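Trainee: Below is one structure. I have some questions about it.
The values are calculated or read from the model by the stated rules, or taken from the named source; none is laboratory data. On a predicted model such as this, the values are computed, not experimentally measured, just so you know. Here the Cβ is made from the backbone with ideal geometry for all residues, glycine too, and neighbour counts use every protein chain on show.
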Amino acid sequence: MEESADRQTERKVVAVVGGGLVGALNACYFAKRGFQVEVFENREDIRKAKIVKGRSINLALSHRGRQALKRVGMEEKIVSKGIPMHARMIHSLTGKQSPIPYGKKGQYILSVDRANLNKELLTEAETYPNTNLNFDHKLQDWSAETGLMTFVRSDGSSNQVQADLIVGCDGAFSAIRKQFLRRSRFNYSQTYIPHGYMELTMPPIDGEFAMKPGFLHIWPRNTFMMIALPNLDKTFTCTLFMPFDEFEKITTGDEVIHFFQNYFPDAIPLIGVDALKRDYFRLPAQAMVSVKCSPYHIGDKCVLMGDAAHAIVPFYGQGMNAGFEDCIVFDEIMEQLNEDFSAVLPEYTRVRVPDDHAIADLAMYNYVEMRAHVNSKWFIFRKHVDNVLHLLMPKTIIPLYTMVTFTRTRYHQAVERWHWQDKVINRGLLLGAAGAAVGGAYLLAKNPPDVGKLVGPAEKMWDRILALKTP
Ligand SMILES: Cc1cc2nc3c(=O)[nH]c(=O)nc-3n(C[C@H](O)[C@H](O)[C@H](O)COP(=O)(O)OP(=O)(O)OC[C@H]3O[C@@H](n4cnc5c(N)ncnc54)[C@H](O)[C@@H]3O)c2cc1C
């Protein structure tokens, strides 16, 4: 009894600012450790709200995110409401569909509903008696010296709250991060890519999915692309990624249809002409920002996680997964360093910054891969080579996508290994090709053929090689 009273008086207050995906999960991690957790969220409770504003309707959940959910007992609940996607399904201009698997048989990513995931995490956080959720609390200002935060509410009132540790999970435009910007030796960069995104809905046909649901559908068109992820209600959410100036060139319903006829003709009957004409103009295209910063902490008072620390472009499907993994990494360091904030916070910065910066760069790279490289026969050939080598030597050669999506290999180590593997495989292919050429020349010299008969097949072979190299 006495011991538990002592624990009560000693209990430190952790304020999690932002009750989005990462904030809600983080609340569970801190509550599990016994801290008094106060979550402050700008929006009203999304479990009660009629309209939930979010940045995308669905998200791809993969290994890192699943591991983070597992540690708070949430994995099964979320996975059971997700739709497995085993491969990318590439749609050519002619409407031909070709799958490119994500990994080995049985490996898949999951399409999950963003709003449902957020609601489930908030409900889970609330099951801990030492957690309070404070909605309609917008952080206006805070002091890194005292830990005093000022919140404003929609009725104009404000209140002040003190905490031992402030965890900034308030997203890409973090109010917490603003204090960091005023301090010396804080590195910060923010890049808007010239592309925006727009979401369109593909309804079910006769109560069934309009396309095969076990895939992430991609229409790669080199400088832009459309993707589609399945939802539980049998719709697909299609996201069109395109340079803003291209979006702006389309100003009438007929121009939308003309554009789709040119680039996504197979999607027109599936989305519907009227829906396309209407939905294209419902909301303007949204911007995408990449934010990198360092350090992630101020003294023993404040730490940034999730998009507040590293907003990344969405092309590797890793923003939320990386944010969820932040929670695991922080928790592991808390364990190693006995929850001593003055040691934990700098160690977290040291460990996590290189990984988050690596996935930010990879996400930028993957945009080119998704919209352009997947059209190249050489790229598809190399994917097959990587997969075969992975099957033969599973510990030596691991495709980059596998390391990022299906393992918890540190992001920066995955990038280093990828560069090394690429060098080795390309050299191997070159040596193999050179060996085959020397062997062929030797055989030809030994048994000179009738040259006239060879010209046709040699020309065909050359054409094929050229076709492999051109995208
Ligand atoms: C189009 C698109 C597709 C994506 N697809 C994927 C995907 O497939 N897989 C994936 O892993 N990631 C994906 N992401 C990235 C993912 O959405 C983010 O990484 C994730 O939402 C980050 O969660 P967060 O909690 O850090 O930030 P957020 O989700 O932005 O949550 C921040 C919360 O803080 C609150 N807040 C903000 N300011 C204040 C304040 N001053 N006071 C109090 N509260 C405040 C906000 O209301 C919000 O609830 C995608 C992103 C986009 C844009």
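Trainee: Looking at (1) without any contact (Cβ under 8 Å) to a residue 12 or more places away in the chain; (2) within 15 Å of the ligand (Cβ to nearest atom), find the lone condition where Ile83 falls short.
Mentor: Only one criterion is unmet by Ile83, namely (1).
Trainee: How many residues are modelled with pLDDT of 95 or more and of a type in the set (Ser, Thr, Tyr) if we restrict to the range 36-90?
Mentor: 2
Conditions tested, residue by residue: (1) surrounded by fewer than 19 Cβ atoms within 10 Å (Cβ to Cβ); (2) not assigned by TED's automatic domain parsing to the domain that holds Met334; (3) not aliphatic (A, V, I, L, M).
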{"residue": "Met89", "(1), (2), (3)": "no, yes, no"}
{"residue": "Thr94", "(1), (2), (3)": "yes, yes, yes"}
{"residue": "Lys119", "(1), (2), (3)": "yes, no, yes"}
{"residue": "Glu126", "(1), (2), (3)": "yes, no, yes"}
{"residue": "Pro129", "(1), (2), (3)": "yes, no, yes"}
{"residue": "Asn132", "(1), (2), (3)": "yes, no, yes"}
{"residue": "Gln160", "(1), (2), (3)": "yes, no, yes"}
{"residue": "Gly168", "(1), (2), (3)": "no, no, yes"}
{"residue": "Ser174", "(1), (2), (3)": "no, no, yes"}
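Trainee: Can you name the condition, by its number, that Phe315 falls short on among (1) more than 30 Å from Leu165 (Cβ to Cβ); (2) more than 11 Å from the ligand (Cβ to nearest atom); (3) surrounded by 19 or more Cβ atoms within 10 Å (Cβ to Cβ)?
Mentor: For Phe315, the exception is condition (2).
Trainee: So if I check each of Arg382, Arg417, which one is touching a residue at least 12 places away in the same chain (Cβ under 8 Å) and over 30 Å from Ile328 (Cβ atoms)? Walk me through it before giving the result.
Mentor: Numbers: Arg417 fails: over 30 Å from Ile328 (Cβ atoms).
Going through Arg382, Arg417 in turn, the sole match is Arg382.
Trainee: Next question. Given the conditions (1) within 26 Å of Val13 (Cβ to Cβ); (2) within 16 Å of the ligand (Cβ to nearest atom); (3) crowded, with 23+ Cβ neighbours inside 10 Å, which single one is not true for Leu345?
Mentor: (2)
Trainee: Within the range 241-258, can one find any residue that is surrounded by fewer than 17 Cβ atoms within 10 Å (Cβ to Cβ), within 16 Å of the ligand (Cβ to nearest atom) and aromatic (Phe, Trp, Tyr)?
Mentor: Yes: the range 241-258 contains one or more residues that are surrounded by fewer than 17 Cβ atoms within 10 Å (Cβ to Cβ), within 16 Å of the ligand (Cβ to nearest atom) and aromatic (Phe, Trp, Tyr).
Trainee: When residues of the range 22-34 are filtered for being surrounded by fewer than 24 Cβ atoms within 10 Å (Cβ to Cβ) and within 6 Å of the ligand (Cβ to nearest atom), how many remain?
Mentor: 0
Trainee: Identify the single condition in (1) within 12 Å of the ligand (Cβ to nearest atom); (2) over 26 Å from Met288 (Cα atoms); (3) crowded, with 19+ Cβ neighbours inside 10 Å; (4) not hydrophobic (A, V, I, L, M, F, W, C) that Thr150 does not satisfy, given that it satisfies every other one.
Mentor: (3)
Trainee: Tell me, which strands (runs of 3 or more DSSP E) lie completely within the range 91-154 with 2 or more residues that are β-branched (Val, Ile, Thr) and either more than 19 Å from Ala24 (Cα to Cα) or modelled with pLDDT of 95 or more (or both)? Spell out the reasoning first.
Mentor: On the way: elements: 97-101, 109-113, 131-134, 138-142, 148-152.
Where strands (runs of 3 or more DSSP E) fall fully within the range 91-154 and carry at least 2 residues being β-branched (Val, Ile, Thr) and either more than 19 Å from Ala24 (Cα to Cα) or modelled with pLDDT of 95 or more (or both), they are 109-113, 148-152.
Trainee: Let me ask something else about it. For the range 212-231, does any single residue satisfy the condition of being in the same structural domain as Asp300 (by TED's automatic domain parsing) and of a type in the set (D, E, K, R)? Outline the logic, then answer.
Mentor: Restricting attention to the range 212-231, the residues satisfying the condition of being in the same structural domain as Asp300 (by TED's automatic domain parsing) are none.
No, the range 212-231 has no match at all.
Trainee: Does the range 298-308 contain at least one residue that is more than 17 Å from the chain's Cα centre (by Cα), surrounded by 22 or more Cβ atoms within 10 Å (Cβ to Cβ) and away from the ligand (no atom under 11 Å from the Cβ)? So that I can check it myself, show each step before the final result.
Mentor: So in the range 298-308, the residues more than 17 Å from the chain's Cα centre (by Cα) come out as 298-304.
Within this subset, residues satisfying the condition of being surrounded by 22 or more Cβ atoms within 10 Å (Cβ to Cβ) are 302-304.
Next cut, away from the ligand (no atom under 11 Å from the Cβ) only: 302-303.
For the range 298-308, residues more than 17 Å from the chain's Cα centre (by Cα), surrounded by 22 or more Cβ atoms within 10 Å (Cβ to Cβ) and away from the ligand (no atom under 11 Å from the Cβ): present.
Trainee: Follow-up question, since we're still on this one. Please go through the range 318-342 and pick out each residue that is within 16 Å of the ligand (Cβ to nearest atom) and either not assigned by TED's automatic domain parsing to the domain that holds Ala27 or not in a helix (DSSP H, G or I) (or both).
Mentor: Gln318
Trainee: If you scan the range 361-417, which residues turn out to be β-branched (Val, Ile, Thr) and closer than 20 Å to Ala311 by Cβ?
Mentor: So the first thing to find is which residues in the range 361-417 are β-branched (Val, Ile, Thr), and the list is 368, 374, 380, 385, 388, 396-398, 402, 404-405, 407, 409, 415.
Hits for the range 361-417 are Val368, Val404, Thr405, Val415.
Trainee: Contact list please: Cβ distance under 8 Å, first residue in the range 136-150 and closer than 14 Å to Leu165 by Cβ, second residue among the aromatic types (Phe, Trp, Tyr) and part of a strand (DSSP E or B), pairs at least six apart or on different chains.
Mentor: Hits for this filter: Leu148/Trp142; Met149/Phe40; Met149/Trp142.
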